[in-house]
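K.L.:
A single structure is presented below for examination.
The values are calculated or read from the model by the stated rules, or taken from the named source; none is laboratory data. Note that the structure is predicted; figures quoted are calculated from it, not measured. A quick note on method: Cβ atoms are made from the backbone with ideal geometry, for glycine too, and the neighbour counts reach across all protein chains shown.
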Amino acid sequence: MNLLFINFAIILSTFENIASKNLLHTNNSPINYNDLLINLEPKIIIDNVSDFHTDLQYKYITDPFPENIYRYAHGDADLSRPKGNILDFSGDVRDSLSYVIQYSSSEHFYENETTIIKNLDKKKYVIKNLKLNETIYYRGAVNEEELKNSTIHKLTVNSIPPRNLDIPNVDNARDIGGYKTYLVKDGIIKQGLYYRTANLADLEEEGKYIISKVLGIKREINLIETNFDPNIDGVSNNFIPMKDTDENNRFEEFDHAYRQVFNLMAEADKYPIILHCAAGADRTGVMSFALLALLGVESNEIKRDYAFTSFGVQGDRYIENSQLLLWLDKLERYDGDTLAEKCKSWLMSKGIKDIVLERIREIFIDGYKK
């Protein structure tokens, strides 16, 4: 660190000497060496890779066998929420009664990409609902004036799905993005387009704000038999009832519901979706299963996303005795060399057009072309 400031002092002295001899010119106008020095001001950026899952969630999602969900969760406690990412600036800032933190998607902290949180009582802040593999920059201080001279930290979220979310009063919430797809080389399902959750009936203002403003969701799809509009600003209510019936019927019946839902998915790039039933497990589960299979996600990861519901309070969804295995087995009767093509054949048998299903793939997978 001392060497850094010695070098900086040498650079400063050099510019002063050059400027004093009036040797720096642009279009015959002297250059202000102080302007040049702005770009040389040292910034200390500390790289850090962070995971937002709880320790228990992490143990499950890194277990090679998704069938082992019963070792981690039993559907009887709300363990579905992430712990969040910790923005720690405790090594940079003098003690005070309160602190501020500034974070941004850019190291330059452009105004339209920056958030400032005030009146913190600790030298750290927990940020929720970042995306997988997202990078943010942050810095803390005792007041806003001192922020510009504070150490800049760089935090990158790891890339292990699922991207489970913290939406107050909503259980079992997650983004289906982040999983790998075999439909393109090194393909990844886009985040921020389709969210699956349990019922939204208990939403309050904070949860509505997160859905609308933080996550940018524009469309709610309600699969429950009775409609309830949560009245979220900027979010349309789409009532597409599916009877909560025996598992043997969810695959063969409800053609009208599949058609409506998948037609709406073909607009997810303009109108990101939050889809739910009562528990966010079975009716929501079959729709999410169909989407992940269509998008070329491996069956093991589809199983993991399905079983993650056991971290909520909606009862266990163990794979060995689940509807999911029944759905995977039934897909085998449809045409196609891969699970993705078999799923496409099944969805087309419900009256969903090829152009709609291909459009969904293009929206959710960068670089995909039929």
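K.L.:
Kindly list, by first and then second residue, each pair from a residue in the range 228-242 that is farther than 15 Å from ALA201 by Cα to a residue that is of a type in the set (Val, Ile, Thr) and at pLDDT 95 or above, limited to pairs with Cβ atoms under 7 Å and residues at least 6 apart or on different chains.
P.N.:
Every condition considered, the pairs that remain are ILE240/ILE221; ILE240/VAL261.
K.L.:
I'd like to check something: does the range 275-285 contain any residue that is charged (D, E, K, R) and over 20 Å from PHE228 (Cα atoms)?
P.N.:
Residues of the range 275-285 charged (D, E, K, R): 282-283.
Going one step further and asking which of them are over 20 Å from PHE228 (Cα atoms), we end up with none.
Among the residues of the range 275-285, not one is charged (D, E, K, R) and over 20 Å from PHE228 (Cα atoms), which makes the answer no.
K.L.:
Residue check: is GLY312 free of Cβ contacts under 8 Å to residues at least 60 places away in the same chain and closer than 27 Å to GLU204 by Cα?
P.N.:
No: the conditions fail for GLY312.
K.L.:
Now a separate question. Among (1) within 30 Å of VAL313 (Cβ to Cβ); (2) polar (S, T, N, Q); (3) touching a Lys or Arg at 6+ places or on another chain (Cβ under 6 Å), where does GLN102 come up short?
P.N.:
In the conditions (1) within 30 Å of VAL313 (Cβ to Cβ); (2) polar (S, T, N, Q); (3) touching a Lys or Arg at 6+ places or on another chain (Cβ under 6 Å), GLN102 misses (1) alone.
K.L.:
On the basis of being surrounded by 15 or more Cβ atoms within 10 Å (Cβ to Cβ) and within 30 Å of VAL286 (Cβ to Cβ), does ILE167 make the cut?
P.N.:
So ILE167 fits the description; yes.
K.L.:
Continuing with this model, one more query. Might you let me know whether the range 295-313 holds any residue that is of a type in the set (Ser, Thr, Tyr) and closer than 30 Å to ASP233 by Cβ? Steps first, answer last, please.
P.N.:
Here is the first cut: in the range 295-313, the residues of a type in the set (Ser, Thr, Tyr) are 299, 306, 309-310.
Filter once more, keeping what is closer than 30 Å to ASP233 by Cβ: 309.
Yes - at least one qualifying residue is present in the range 295-313.
K.L.:
Please pick out the residue among ILE355, ILE360 that is at pLDDT 95 or above and within 16 Å of LEU292 (Cα to Cα). If you could, list the steps in order and put the result at the bottom.
P.N.:
On the way: ILE355 fails: within 16 Å of LEU292 (Cα to Cα).
Within the list ILE355, ILE360, the selection yields ILE360.
K.L.:
Can I ask one more? Being of a type in the set (Asp, Glu), over 16 Å from TYR318 (Cα atoms) and without any contact (Cβ under 8 Å) to a residue 60 or more places away in the chain is the filter here, so list the residues in the range 47-77 that pass it.
P.N.:
Filtering the range 47-77 for residues of a type in the set (Asp, Glu) gives 47, 51, 55, 63, 67, 76.
Cutting the leftovers down to over 16 Å from TYR318 (Cα atoms) gives us 47, 51, 55.
Across the range 47-77, the qualifying residue is only ASP55.
K.L.:
Can you pull out every residue in the range 244-301 that is of a type in the set (Gly, Ala, Ser), assigned to a helix (DSSP H, G or I) and surrounded by fewer than 19 Cβ atoms within 10 Å (Cβ to Cβ)?
P.N.:
SER299
Quick grid of which residues meet (1) of a type in the set (Asp, Glu); (2) closer than 16 Å to ASN85 by Cβ; (3) crowded, with 23+ Cβ neighbours inside 10 Å:
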{"position": "LYS154", "(1), (2), (3)": "no, yes, no"}
{"position": "ILE160", "(1), (2), (3)": "no, yes, no"}
{"position": "ILE176", "(1), (2), (3)": "no, no, yes"}
{"position": "ASP202", "(1), (2), (3)": "yes, no, no"}
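Table: residues versus (1) closer than 11 Å to ARG283 by Cα; (2) touching a His at 6+ places or on another chain (Cβ under 9 Å).
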| site | (1), (2) |
| --- | --- |
| ARG219 | no, no |
| ILE224 | yes, yes |
| PHE228 | no, no |
| MET242 | yes, no |
| ARG250 | yes, no |
| PHE254 | yes, no |
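K.L.:
Scan the range 103-114 residue by residue and report those that are closer than 23 Å to HIS53 by Cα and either in contact with a Phe, Trp or Tyr (Cβ under 6 Å, 6 or more places away or on another chain) or not assigned by TED's automatic domain parsing to the domain that holds GLU145 (or both).
P.N.:
Here is the first cut: in the range 103-114, the ones closer than 23 Å to HIS53 by Cα are 103-105.
Within the range 103-114, TYR103, SER104 qualify.
K.L.:
I would also like to ask the following. For the condition more than 24 Å from ALA279 (Cα to Cα), surrounded by fewer than 23 Cβ atoms within 10 Å (Cβ to Cβ), at pLDDT below 95 and not hydrophobic (A, V, I, L, M, F, W, C), what is the one hit in LYS185, LYS190, LYS148, LYS180?
P.N.:
Within the list LYS185, LYS190, LYS148, LYS180, the selection yields LYS148.
Yes or no, residue by residue, for (1) aliphatic (A, V, I, L, M); (2) assigned to a strand (DSSP E or B):
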{"residue": "LYS83", "(1), (2)": "no, no"}
{"residue": "SER90", "(1), (2)": "no, no"}
{"residue": "VAL100", "(1), (2)": "yes, yes"}
{"residue": "TYR103", "(1), (2)": "no, yes"}
{"residue": "HIS108", "(1), (2)": "no, no"}
{"residue": "ILE117", "(1), (2)": "yes, yes"}
{"residue": "LYS122", "(1), (2)": "no, no"}
{"residue": "LEU130", "(1), (2)": "yes, no"}
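K.L.:
Still on this structure: Pick out the one residue from SER80, SER106, SER96 that is in contact (Cβ under 8 Å) with a residue 24 or more places away in the chain and surrounded by 15 or more Cβ atoms within 10 Å (Cβ to Cβ).
P.N.:
Unique residue meeting the criteria: SER80.
K.L.:
Continuing with this model, one more query. Tally up the residues in the range 329-341 that are farther than 15 Å from GLU252 by Cβ and either modelled with pLDDT under 95 or buried (at least 16 other Cβ atoms within 10 Å of the Cβ) (or both), please.
P.N.:
Result for the range 329-341: 3.
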